[in-house]
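Right, one structure below, let's go through it.
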Amino acid sequence: MDFNLSAFAKDTHTAESEHVKVLILGAGPAGMSAALYAARAELQPVVLTGTELGGQASLTHVIENYPGFPEGVGGLKLGELFQQQAERFGARFDFETATSVNLSQRPFVIKTYSKDYLADTLIIATGASPNHLNVPGESELTGKGVSYCATCDGWFFKDKKVVVVGGGDSALEEGIFLTRYATSVNIIHRRDSLRAGAILQKRAFENPKISFTWNSIVTEVLGENAVNGVRMRNVRTNEETVIPTDGVFIFIGHTPNTQLFAGQLEMDEHGYIVIDMLMRTSVAGVFAAGEVADPHYRQVVTSAGMGAAAAIQATRYLQEKQL
Ligand code: NAP
């Protein structure tokens with residue numbers, strides 16, 4: 001039956017099309033590791049990188065908890081190493097973004113702006129994107145003082161004052177990083193205790209440039225062409241204050257990039273793809289790995305592990321189906 005559908009899919013597509021055994025969406029740690037494992041299984045995987053080669057990890061200045069790098073490794077560097085290793089075994093990286101997927105026919109059809117990919121198996125590793133506060137001034141001043149990436153934008157805040165919103169690992173890690181440039185970093189958190197891990201908490205508390213504003217949320221980002229302050233509300237007292245700042249760095253979690261698969265794959269109430277222990281989604285032959293399917297760990301090492309597992313399962317699936 002698969003073969004008939006395959007022929008149908010080829011016949012009905014006028015755009016250039018390519019048939020691949022393993023198509024991987026996303027080039028973060030999960031996608032790159034999947035590519036490495038599928039390449040070593042001699043499946044000639046193709047990775048559609050989307051717009052974020054290296055994924056979110058590549059935006060991290062130094063990754064200190066990826067095993068094998070006792071002195072830490074730059075996020076960008078680690079991404080390059082992942083890619084080189086996968087390419088060495090025959091993985092191909094196409095700088096394409098999937099615009100639609102059809103998982104109801106086989107092979108699966110994945111369209112990009114320039115061509116169609118017909119894939120026997122699909123590994124989804126599209127990751128997650130930073131959440132926004134959705135308060136007045138935020139979108140208007142993005143790139144003008146509002147940022148979601150300290151590694152990308154920290155340099156612009158040399159000798160300036162910034163605030164960081166959030167209380168998780170990202171807020172503290174990026175806040176600590178920002179003290180390289182900024183004169184002061186005020187971390188605004190909606191509760192009175194942090195979600196971040198112990199080591200980061202200790203480092204942040206010990207850093208003389210970092211201060212904390214507890215039990216507070218940012219309700220407005222202020223400024224015309226550049227940020228000049230934020231309006232905050234204390235959630236316990238309801239007291240409103242305005243504080244001057246040159247920059248607002250927002251690290252309040254992520255939302256999985258799963259819009260392309262809505263209605264085609266089972267997802268949880270937060271939009272994460274539901275997978276089983278074997279990285280299998282609700283559609284046979286479609287696997288998911290990394291942050292797109294992981295609301296729990298979201299580490300480079302766990303994402304990489306999931307990517308490897310997904311590729312091993314895709315290999316087994318192809319063997320079983322004799323594809
Ligand atoms: P996170 O752990 O989900 O933390 C998000 C933070 O933002 C929480 O403190 C949360 O407050 C706060 N928040 C959420 N929505 C908010 C809103 N609307 N307004 C104000 N504050 C809001 O996200 P993350 O820090 O990006 O970390 C994501 C994952 O990556 C985690 O698993 C983390 O361990 C991992 N990570 C690890 C490292 C590392 O190991 N070095 C570095 C970065 C990230 P509440 O605490 O009140 O919920």
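The values are calculated or read from the model by the stated rules, or taken from the named source; none is laboratory data. Note that the coordinates shown come from a computational prediction; the quantities given were computed from them, not determined experimentally. Cβ atoms come from the backbone with ideal geometry, glycine included; neighbour counts cover every protein chain shown. Please note that ligands, DNA and RNA were not included when accessible areas were found on the heavy atoms of the full protein model with its side chains. Shrake-Rupley method; radii C 1.70, N 1.55, O 1.52, S 1.80 Å.
Hey, got a sec? Which chymotrypsin sites (Phe, Trp or Tyr not before Pro) in the stretch 125-216 land in a DSSP loop and have at most 16 other Cβ atoms within 10 Å? Filter output for the stretch 125-216: 214. Under the convention that each Lys and Arg Cβ holds +1 and each Asp and Glu Cβ holds -1, the size of the dipole of the stretch 160-225 around its Cα centre is about 180 debye.
First select every other residue whose beta carbon is under 15 angstrom from the beta carbon of residue 255; then total the charges, Lys and Arg +1, Asp and Glu -1. Taking every Cβ under 15 Å from that of residue 255, the sum is -4.
The residues of the chain present an accessible area of 49 Å² per residue when probed at 1.4 Å with all protein chains retained. Sparse packing (at most 15 other Cβ atoms within 10 Å of the Cβ) combined with a DSSP loop state is found for the following chymotrypsin sites (Phe, Trp or Tyr not before Pro) in the stretch 71-111: 95. Using all C-alpha to C-alpha distances in the stretch 62-221, build P(r) with 10 Å bins and read off the rounded percent in each one. Over the stretch 62-221, the share of Cα pairs per 10 Å bin runs 9, 27, 28, 21, 14, 2 percent.
Ignoring ligands, DNA and RNA, please state the percent of accessible area on the stretch 73-128 from carbon and sulfur, probe 1.4 Å.
So the carbon and sulfur contribution to the accessible surface is 51 percent.
Here the mean projected area of the convex hull built on the C-alpha positions of the chain is 17.9 nm².
Nearest 5 percent is fine: what portion of the DSSP beta bridges confined to the chain is antiparallel? The partial results should precede the final answer.
On the way: 27 of 60 bridges.
Roughly 45 percent of the beta bridges in the chain run antiparallel, per DSSP.
A simple charge model with +1 on the Cβ of Lys and Arg, -1 on the Cβ of Asp and Glu and nothing else charged puts the dipole of the stretch 169-323 at about 320 debye relative to its Cα centre. Protein heavy-atom surface of the stretch 132-250, 1.4 angstrom probe: 48% of the accessible area is carbon and sulfur, with nucleic acids and ligands not counted.
Using the crude model of +1 on Lys and Arg Cβ and -1 on Asp and Glu Cβ, and no other charge, please compute the dipole size for the stretch 132-250 relative to its Cα centre, in debye to 20. Please list the in-between numbers first.
Working: 14 positive and 14 negative charges, 68 e Å.
Once rounded to the nearest 20, the dipole reads 320 debye.
Near residue 157, once Lys and Arg are set to +1 and Asp and Glu to -1 for all other residues with Cβ below 10 Å from its Cβ, the sum equals +1.
So, by mean Cβ neighbours within 10 angstrom, what's the order for 38-51, 228-241 with the highest one leading? Walk me through the numbers before you get to the answer.
Numbers: 38-51: 20.7, 228-241: 15.0.
Highest-to-lowest ranking by the protection proxy: 38-51, 228-241.
Comparing 246, 116, 276 in a Gaussian network model of the chain (Cα springs below 10 Å), the most mobile by mean-square fluctuation is 276.
Specify whether the C-alpha gyration tensor of the stretch 132-250 places it in the rounded, prolate or oblate class, a ≥ b ≥ c being the square roots of the eigenvalues: rounded for a/c under 1.5, otherwise prolate if a/b is larger than b/c and oblate if not. Here the stretch 132-250 falls in the oblate category. Taking a Cβ cut-off of under 13 Å around residue 134, the surrounding Lys, Arg, Asp and Glu residues balance to a net charge of -3, with basic ones at +1 and acidic ones at -1.
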